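Comments concern the structure below.
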Amino acid sequence: MRNIPVDTTALTFVCVSPPRPKLVSQETGEIKVDKEGNTVFTVGLSAADAMGRVELINVSVSHDPDLTIGQVVQPVGLIGMAWEQNTGGRQRWGIAYRAKQLNAVTSAVAAAADAA
């Protein structure tokens, strides 16, 4: 599977669902871990451009990013991976997103208020 880097410079990301452990199987409840044994978390983000177009994406990350709904986020090392699956004669496809980190963005106004 090919990893496609995502240019995040023209997008604003906002957390729309809190981090939760990613499941390997919903039936067994098995939690996904990465190659180093870290729990993989999924975070729902909105990605908006300057024209007002918004996409909702789920991003996987190999640690709990400690984010809350409504926080502006800066993904680091965001990649997309195309996937497809044929189950029971039904074909599904999409793009899975993964980031090295999801950092909460601190606004200059909030930083100035904290300093005072």
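The values are calculated or read from the model by the stated rules, or taken from the named source; none is laboratory data. Owing to the predicted nature of the structure, the values given are computational and were not obtained by experimental measurement. Please note: Cβ atoms are built from the backbone with ideal geometry, for glycine as well, and neighbour counts cover all protein chains shown.
Looking across segment 35-46 at every residue that is more than 14 Å from VAL76 (Cα to Cα) and in contact (Cβ under 8 Å) with a residue 12 or more places away in the chain, the one that is surrounded by the most Cβ atoms within 10 Å (Cβ to Cβ) is identified as PHE41. When segment 51-103 is filtered for residues that are of a type in the set (D, E, K, R) and under 10 Å from the mean Cα position of the chain (by Cα), the ones remaining, listed by number, are ARG98, LYS100. Is there a residue being in contact (Cβ under 8 Å) with a residue 40 or more places away in the chain and surrounded by 13 or more Cβ atoms within 10 Å (Cβ to Cβ) anywhere in segment 18-34? Checked segment 18-34: at least one residue is in contact (Cβ under 8 Å) with a residue 40 or more places away in the chain and surrounded by 13 or more Cβ atoms within 10 Å (Cβ to Cβ). Residues that are farther than 20 Å from PRO5 by Cβ and modelled with pLDDT of 95 or more number at least 1 in the following strands (runs of 3 or more DSSP E) confined to segment 41-93: 41-48, 54-61, 72-76.
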